[in-house]
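Structure record follows, encoded as structure tokens.
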Amino acid sequence: MTTLSEEPGDRPAPYADLTPTAVLDALDGVGLRGDGRMLQLNSYENRVFQAFLEDGRVVVAKFYRPQRWSDAQILEEHVFAAELAAAEISVAVPLPLERDANSPYAAAVTSVGATLATIAIGSHDYRFGVCERLAGRAPELGDPDVLRWLGRYIGRLHVVGAKARFVERVTIDVASYGEASRDWLLDHDSVTADMSATWRDLVDTALAACRAAFDRAPIKQLRLHGDCHLGNVLWTDAGPHFVDLDDAVNGPAIQDLWMLLAGDRAAMTRQLLDVLEGYESFMDFDWRELRLVEPLRTLRMIHHSAWIAKRWRDPAFPIAFPWFASPSYWADQCMRLREQLAAMAEPPLGSPA
């Protein structure tokens, strides 16, 4: 296997010089003075830190992965979060950031937009945003009331999302998530030689099935959360909130619903009906989109392989995904693609089996 990184090998690994001191300096440069206490939170794509401030507040600072999103794409995400908050939908909203002339670190900070700044550290200019800390616990998806509540919450989110479309951000479809990922992996020899031909044949067949499903399902494009899995949902006694809009995209409503489902077909059908009961309290759902559940799962699987491969030079990735470099990984991916082909051949979820 050749290099898995999308960056030339002579560049420093991403985040190599983003030290705790540098994070605190960046916050100080925009007037958010830490008291020295800081925790790094779980995040592979970006680097995210919880910082305690001298004034008693607790904030979360996100340092965006270099070259992943453009400034315009990040700011579009921030505007969407502000729209959701204005509609009383609980999300993490980026705070206004202005250079603080009284900070000794202000000279290293540059304002990119109302809620986005950069700090020059070593060989990188790191873009960062800051929001207030939101706390909570994982939702209990075995409780139908929780599923209906989540459905209502996502329905309200989609009411706002339907008012416009993203201009700068990605639209989730077969080309963007499937074909582009397949091509990158093959062009960079990321698939082991012994499995490359088999994997490509299976991916091509799977993508053809995905395209057919998308062609049959009339799709209304909405602004979506885009990555609505349980790790991005925090539950409180007042209900749920989302903490990460980093993968916000245009796409079909079902993209924000299917990742809440788990188990066998019968279990997922029960969960789906509970979620949609809540969802349709606020937003109409086109049930023909149910034929996209398994195609979207397939696209996510292919996209995930490319996502790991492109970031392999980041030291966090070999630690988090050690099995990715094993000979069995691509054999397992081939098996999963065969399973997805079988799943896509079944009637859509919610239809009689």
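Coordinate-derived values only; no laboratory data. Computed from a predicted structure; not experimentally measured. When we count neighbours, we look across all protein chains shown, and the Cβ atoms used for this are built from the backbone with ideal geometry, even at glycine.
Brief remarks on what is shown
- Taken along the Cα-to-beta-carbon direction at a fixed 7 Å, the label points for D284 and R338 span 4.4 nm.
- Where labels lie 7 Å past Cα in the beta-carbon direction, separation of A193 and L39 in nm: 4.8 nm
- Backbone N within the stretch 60-77 under 11 Å of label point (7 Å from V167 Cα along the Cβ vector): 76
- Taking 25 Å as the straight-line reach from the Cα of K310, the lysines in range (excluding those fewer than 8 positions away in the same chain) are K62.
- Remark: the Cα gyration tensor places the chain in the oblate category, a/c being 1.5 or greater and a/b not exceeding b/c.
- Each of the peptides 323-329, 107-113 was scored by the mean count of other Cβ atoms within 10 Å over its residues; in descending order, highest first, they stand as 107-113, 323-329.
- A straight line joining the Cα centroids of the stretch 175-217 and the stretch 283-353 runs 11 Å.
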